[in-house]
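Here is the structure we will look at, set down as structure tokens.
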Amino acid sequence: AARIDRERRRASELQEVNNELRRSNEELEQFAYVVSHDLQEPLRQVISFSGLIKQKLRDKVDPSTEELLNFIVDGGMRMNDLISDLLVYSRVGRGDSPKVLIAIEEAVNLAILNLKTSIDEAEATIVCDQLPSLPVNVTQITQVFQNLIGNAIKFRSEKKPEIYIRAEQRDSFWLFSVRDNGIGFNNEDVRIIFNIFQRLHSTDKYKGSGIGLAICRRIIELHGGHVCAESSPGHGATFYFTLPVR
């Protein structure tokens, strides 16, 4: 009887810890959403008014002053992009996240359609094997493929981008891979690239907020899967994620 009581107490304590973690996560998500949303309007004003000042004084300022105005506008636009990405991150997992059975190729095709301009400009080739049908949140899984394909184009080498999307079943889950021929990265950096705000390159060379891969990880984990990657400098990268069969 004493043993049963101890086990019940442990189970009750564990449930309380889980409930507290859930509440903390929900509060953090709400905080990120509210802060990001409230920051956007004043930031739009900074960008807009700085641009107006730049136009008004176009022929009346010295080059150093014009450069300072450019820094304000560019910095404001980068911050706006960061806030937009943070809003996307905070929204993942909010609400019911309905899942429907779809052919995953539909999500890939939607991602390709959303990235059409970038794909055409880079003359990228995307090869997609036959993919399974699984119960997923279509919008979120489309976002995963869009982020991974977009990264493959952004971090391309001097070669034209080649992206290969495959999937194979492993017992109770499907293993997806998105492989590219881009610049790659050091394999030891895999442990940080899926963390929020982690970047391997400066914003001067590659634009972005460092949230894209964190969004991918968050979406896949909400679907009951996992993400990882492997790469080496100059030899492209392969990103993997799993999705349960059911």
(request) Among the residues of the stretch 40-82, write down those that are among the aliphatic types (A, V, I, L, M) and modelled with pLDDT under 75. (result) L82
(request) Being assigned to a helix (DSSP H, G or I) and in contact with a helix residue (DSSP H, G or I) (Cβ under 7 Å, 6 or more places away or on another chain) is the filter here, so list the residues in the stretch 190-199 that pass it. (result) I193
(request) Give the residues of the stretch 136-189 that are open to solvent by less than 40 Å² (accessible area, probe 1.4 Å), assigned to a loop (DSSP other than H, G, I, E, B) and under 15 Å from L213 (Cβ atoms), sorted by residue number. (result) G182, G184, F185
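Would it be correct to say that V61 is farther than 23 Å from T238 by Cα, open to solvent by less than 60 Å² (accessible area, probe 1.4 Å) and either in contact (Cβ under 8 Å) with a residue 60 or more places away in the chain or not aromatic (F, W, Y) (or both)?
So V61 passes the test.
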(request) Would you confirm whether any residue within the stretch 79-93 is open to solvent by 70 Å² or more (accessible area, probe 1.4 Å), β-branched (V, I, T) and out of contact with any strand residue (DSSP E or B) (no Cβ under 6 Å at 6 or more places or on another chain)? (result) no
(request) For L115, indicate whether it is at pLDDT 90 or above, among the hydrophobic types (A, V, I, L, M, F, W, C) and over 15 Å from the mean Cα position of the chain (by Cα). (result) no
(message) Of the conditions (1) hydrophobic (A, V, I, L, M, F, W, C); (2) modelled with pLDDT of 90 or more; (3) under 24 Å from I219 (Cα atoms), F31 satisfies every one except a single condition; which number is it?
(response) (2)
(message) I'm trying to understand the selection: among the residues of the stretch 229-246, which are modelled with pLDDT of 90 or more and among the hydrophobic types (A, V, I, L, M, F, W, C)?
(response) A229, A237, F239, F241, L243
(request) Could you give me the residue pairs with C-beta distances under 6 Å whose first residue belongs to the stretch 210-230 and is assigned to a loop (DSSP other than H, G, I, E, B), whose second residue is of a type in the set (D, E, K, R) and open to solvent by 40 Å² or more (accessible area, probe 1.4 Å) wherever it lies, and which are 6+ apart or on separate chains? (result) G210/R199; I211/D85
(request) Go through (1) within 15 Å of C216 (Cβ to Cβ); (2) open to solvent by 80 Å² or more (accessible area, probe 1.4 Å) and name the single condition E123 misses. (result) (1)
(request) Kindly indicate the residue of the stretch 231-246 that is outside any strand (DSSP E or B) and open to solvent by 40 Å² or more (accessible area, probe 1.4 Å) and also farthest from G150 (Cα to Cα) among those meeting that condition. (result) R246
(message) On the basis of being at pLDDT 90 or above, over 30 Å from E41 (Cα atoms) and open to solvent by 20 Å² or more (accessible area, probe 1.4 Å), does N109 make the cut?
(response) yes
(request) Please state which of the following conditions I126 fails to meet, knowing it meets all the rest: (1) more than 21 Å from H226 (Cα to Cα); (2) part of a helix (DSSP H, G or I). (result) (2)
(request) Could you look through the stretch 216-228, keep only residues that are aliphatic (A, V, I, L, M) and open to solvent by less than 10 Å² (accessible area, probe 1.4 Å), and pick out the one that is modelled with the highest pLDDT? (result) I220
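The values are calculated or read from the model by the stated rules, or taken from the named source; none is laboratory data. Values in this document were obtained by computation on a predicted structure and should not be read as measured data. Backbone-built Cβ (ideal geometry, glycine too); neighbour counts: all protein chains shown. Ligands, DNA and RNA are excluded from the accessible area calculation, which covers all protein heavy atoms including side chains. Shrake-Rupley method; radii C 1.70, N 1.55, O 1.52, S 1.80 Å.
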